[in-house]
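The values are calculated or read from the model by the stated rules, or taken from the named source; none is laboratory data. Keep in mind it's a predicted model, so treat the numbers as computed, not measured. In this analysis, Cβ positions are derived from the backbone assuming ideal geometry, glycine residues included, and neighbour counts consider all displayed protein chains. Each accessible area value is taken on the protein alone, full model and side chains, heavy atoms only, with ligands, DNA and RNA left out. Shrake-Rupley method; radii C 1.70, N 1.55, O 1.52, S 1.80 Å.
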Amino acid sequence: MVAIFIIGFLVSMGLALALTPLVKKFAVRIGAMDTPNARKVHTRIMPRLGGLGIFLAFIITVAALLPFVSAWFTTRDMSFVSAFLVGGSIIVLIGALDDRFELSAKVKLLGQIVAASVVVFGFNIRVDFVNIPFQDAYSSLETWVSIPLTILWIVGVTNAINLIDGLDGLAAGVSGIAIGTIAVMSFLMGNTMIALMCLVLLGSIIGFLFFNFHPAKIFMGDTGSLFLGFSLAMLSMLGFKQIAVVSFITPLIIIGVPLSDTLFAIIRRAVQRKPIFSPDKGHLHHCLRELGFSHRQTVLIIYGIAAFFGVLAIIQSSAAMFEANWVTFVVICIMMFFLQVGAEVIGLVSKTRKPVINFLMRMRVKLNPQTRSKS
């Protein structure tokens, strides 16, 4: 069994290494090019559509391995694999069309909803349970709740990865770290199917990163960012479904970097009274660059943050296994506090509005009257 995992990882990585240069030539030939503008960091025209190399390496490897591993999988596992491949193909098609013709945000959103609906209605894959906090119990969700919740999750995570795709290697690396985290947890929990899917996808990402890390030779485009977002949504949603001791908060922690960046982007645009889907230069990577970090330093810092979230997810799920749900509550509170303070320090929402930092400063003055009198 171990040999299959290793082979799957190496084959997908090798395919990505071989296919990405071909995809680059194809992108140039059809005019799928990324032109610099005021919002973007790069300064020269670059081919995009690179995510097609990730997708092809992944899907070819999975198709080649299925005859050898299908005996390991349950009927539901096979249904999940089918839903993954069909929904992922729809997402890749939408992304490829956008890379070539620059679709509107509404059209892309509609395509994502269609892909999510195919997963839910076509293959009956959905979130149908909820964890009861501080109790070792799960409660089934009504269909009218589980269906929109699943669609919202898939669409939300898909867009979260798309929004952080702003620097060479950023979206691919962050996605790879999150998928690697899911792979580790799946191995620990005995979820063979999810572990194999994660390793194959991780190999495809690493193979692509040889061409995408700074200085990039090709961008993944929406083809890649949407597909990786969709993949994370599916794997994080279902990777722990069979384990009754893991709460739904675990996948939220795993994708903490793109999810928090998306949340702050929504808040920022609401505060500035701009449309939610309007692009801007206020994302995490933009703010770090403004603080003086180089391109590579910014990407590596965000890699570190993503890895930290991955470790937290593993710790949280391990605590949940021992019914220490209070640990989850404490971890989430601390994480939310530092996320808010960090966002205010680097200006993710606003350069001037810093409510938590201002509150802490006022409390410091009140607790230290001598400092106030001296000033």
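Working carefully through the options VAL86, VAL41, find the one that is open to solvent by 30 Å² or more (accessible area, probe 1.4 Å) and modelled with pLDDT of 95 or more.
Answer to the selection: VAL86.
For segment 9-23, indicate whether the set of residues that are part of a helix (DSSP H, G or I), modelled with pLDDT of 95 or more and under 16 Å from ASP98 (Cα atoms) is non-empty.
Scanning segment 9-23, I find at least one residue that is part of a helix (DSSP H, G or I), modelled with pLDDT of 95 or more and under 16 Å from ASP98 (Cα atoms), so the answer is yes.
Scan segment 335-360 for residues that are among the basic types (Lys, Arg) and touching a residue at least 40 places away in the same chain (Cβ under 8 Å) and jot them down.
ARG353
So, ILE194, is that one surrounded by 24 or more Cβ atoms within 10 Å (Cβ to Cβ), at pLDDT 95 or above and in a helix (DSSP H, G or I) or not?
Spelling it out, it is not the case that ILE194 is surrounded by 24 or more Cβ atoms within 10 Å (Cβ to Cβ), at pLDDT 95 or above and in a helix (DSSP H, G or I).
If you take the residues in segment 6-33 that are surrounded by fewer than 22 Cβ atoms within 10 Å (Cβ to Cβ) and among the β-branched types (Val, Ile, Thr), which one is farthest from GLY180 (Cα to Cα)?
Within segment 6-33, the match that is farthest from GLY180 (Cα to Cα) is ILE30.
With the structure loaded, tell me whether PHE129 is among the aromatic types (Phe, Trp, Tyr) and at pLDDT below 90 or whether it fails that test.
yes
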